[in-house]
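Remarks on the structure that follows.
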Amino acid sequence: MKKYDLIVVGAGIMGTFHAFHAAKMGKKVLLLEKDNRPVGSTIQNFGQVVPSGLDTYWQKFGIRSLEIFDELQAEADFTLVKNGSVYIASDEDELNLINEVAELHNNAGYTQEILSKTATKVHFPDINSDYIKSSIFYPKEYSVNSSEFIYKLIDYCVEKLGVVYKSYTAVINVEEQNGDVKVETAGSEVFLAEKTIICSGYVFNLLFPEIYQNSGLIVSKLQMMKTLPLKQFNLKANILTGLTIRRYESFEECPSFVKLKTPDHLLELKNWGIHILFKQLPDGSIIVGDSHEYAGVSGVENLGLGVNDYINDLMKNEAELILNIPRNSYAQTWAGYYAQHPDGIFEHKISENIEIRTGIGGKGMTTSAGYAEAKINQLFR
């Protein structure tokens, strides 16, 4: 029986980047995916790579991820577009926050630029003037087609790096046995490895369910919408708005955040975890989102599979204040899910050579490349 240096369970963005970095080190890697191809958080997310929104600890992984994405996109089309990100401040409190975060990021050496109301309108003419107070622009950040990127990355791992990839392979047991890690599948296959990393996303019932039950993990349900192609718009960048400034971790590190009060007209939006983002796809359609509802590991089914029209209407109403999207142009809506943890990620050692890594939350697309590189370097140092 062939023995691998590393088996990765779960071929989402985090699992695949663990396989990617281990294979680049020359390790023999097996990547296992329970479905035909990944269908979870990795393709259900918004597709923005925005280290600008992260706290100090995670931002370094995000910045390293940008460098890795630069290298990948230079080799082939991974659907990565370096169009930058802009946060639009709509009132004085949000203006204070973007000025403070600019100072923090200047000190950290992360490139950005404060744009006046006039300059913001010049650069992003589709944004309604009445909404703009000022903005901060990050030119190095990426937009990505989430539903295609992961498949291209897996293909690259297989074709260029020699990773062995097996889909339709649900893992039902992982244990150390006679000095090896034994991985058993629902199809009665057995694989051996020196080390195994389990990147399970929000799947908690196949492996070590009792650990997940006591992990502190929660699941967030997000609602997003997509319009028909709207060629009259040219958004040019990831558009993040005042509600995002009031939500993202980088702004929480600013001095004035502790004094931030939520205006009455934003209270219901905050209750549903709504912050408005826009991303325009190559065909001209625009993704608009998103909202956040939460449940513990044992209550995920309470979130439901469908979408709440009331939440979508709240998002459409707020989006209309920012961008004049015709109400009849919304063509699709869906819900995405991801696991998150109060510590930023759930890292749990089952044994010396078996570890769970999940619960990276909404920052998976932004940080997984850099985070996995650091962890693989530690694992095989």
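General remarks:
- SER41, sole failed condition from (1) at pLDDT below 95; (2) under 28 Å from ASN238 (Cβ atoms); (3) over 18 Å from the mean Cα position of the chain (by Cα): (3)
- Residue within segment 58-78 that is open to solvent by 60 Å² or more (accessible area, probe 1.4 Å), under 24 Å from PRO282 (Cβ atoms) and among the basic types (Lys, Arg) present: no
- Subset of segment 305-326 (residues that are in contact (Cβ under 8 Å) with a residue 60 or more places away in the chain and within 30 Å of PHE346 (Cα to Cα)): VAL307, ASN308, ILE311
- All strands (runs of 3 or more DSSP E) inside segment 80-138 with 3 or more residues being under 10 Å from GLY242 (Cα atoms) and in contact (Cβ under 8 Å) with a residue 60 or more places away in the chain: 85-89
- Among residues of segment 10-30 being outside any helix (DSSP H, G or I) and under 19 Å from the mean Cα position of the chain (by Cα), the one that is farthest from LEU192 (Cα to Cα) is GLY12.
- The single condition among (1) within 17 Å of VAL50 (Cβ to Cβ); (2) touching a His at 6+ places or on another chain (Cβ under 9 Å) that ARG357 does not satisfy is (1).
- Selection within segment 327-349 - over 18 Å from GLY296 (Cβ atoms), in contact (Cβ under 8 Å) with a residue 40 or more places away in the chain and either of a type in the set (A, V, I, L, M, F, W, C) or open to solvent by 20 Å² or more (accessible area, probe 1.4 Å) (or both): TYR330, ALA331, GLN332, THR333, TRP334
- Checklist (1) open to solvent by 20 Å² or more (accessible area, probe 1.4 Å); (2) more than 26 Å from MET225 (Cα to Cα) applied to VAL81, failing item: (2)
- Some residue of segment 236-255 being touching a Ser or Thr at 6+ places or on another chain (Cβ under 9 Å) and of a type in the set (Phe, Trp, Tyr): yes
- Residue list for segment 270-286, filter: open to solvent by less than 30 Å² (accessible area, probe 1.4 Å) and either without any contact (Cβ under 8 Å) to a residue 60 or more places away in the chain or farther than 14 Å from THR241 by Cα (or both): GLY273, ILE274, HIS275, ILE276, PHE278, GLY284, SER285, ILE286
- Residue match in segment 31-44 (condition: touching a residue at least 24 places away in the same chain (Cβ under 8 Å), among the β-branched types (Val, Ile, Thr) and either more than 30 Å from GLN332 (Cα to Cα) or touching an Asp or Glu at 6+ places or on another chain (Cβ under 8 Å) (or both)): no
- Which listed residue, of ILE218, ILE172, ILE150, ILE239, is open to solvent by 30 Å² or more (accessible area, probe 1.4 Å), aliphatic (A, V, I, L, M) and under 17 Å from the mean Cα position of the chain (by Cα): ILE218
- Filtering LEU97, LEU54, LEU32 for residues that are in contact with a Cys (Cβ under 7 Å, 6 or more places away or on another chain) and crowded, with 20+ Cβ neighbours inside 10 Å leaves a single hit, LEU97.
- Qualifying positions in segment 177-200 - under 24 Å from ARG37 (Cβ atoms) and either in a strand (DSSP E or B) or open to solvent by less than 30 Å² (accessible area, probe 1.4 Å) (or both): VAL183, GLU184, THR185, VAL190, PHE191, ALA193, THR196, ILE197, ILE198, CYS199, SER200
- Apart from one condition, VAL86 fits all of (1) out of contact with any helix residue (DSSP H, G or I) (no Cβ under 6 Å at 6 or more places or on another chain); (2) under 26 Å from ILE114 (Cα atoms); (3) open to solvent by 40 Å² or more (accessible area, probe 1.4 Å); the exception is (3).
- Tally, over segment 236-250, of residues that are in a loop (DSSP other than H, G, I, E, B), touching a residue at least 40 places away in the same chain (Cβ under 8 Å) and out of contact with any strand residue (DSSP E or B) (no Cβ under 6 Å at 6 or more places or on another chain): 3
- Output for segment 258-267, where each listed residue is surrounded by 11 or more Cβ atoms within 10 Å (Cβ to Cβ), out of contact with any helix residue (DSSP H, G or I) (no Cβ under 6 Å at 6 or more places or on another chain) and of a type outside the set (A, V, I, L, M): PRO263
The values are calculated or read from the model by the stated rules, or taken from the named source; none is laboratory data. Source: prediction; values computed, not measured. Reconstructed Cβ throughout: ideal geometry from the backbone, glycine too, with neighbour counts over all protein chains shown. Please note that ligands, DNA and RNA were not included when accessible areas were found on the heavy atoms of the full protein model with its side chains. Shrake-Rupley method; radii C 1.70, N 1.55, O 1.52, S 1.80 Å.
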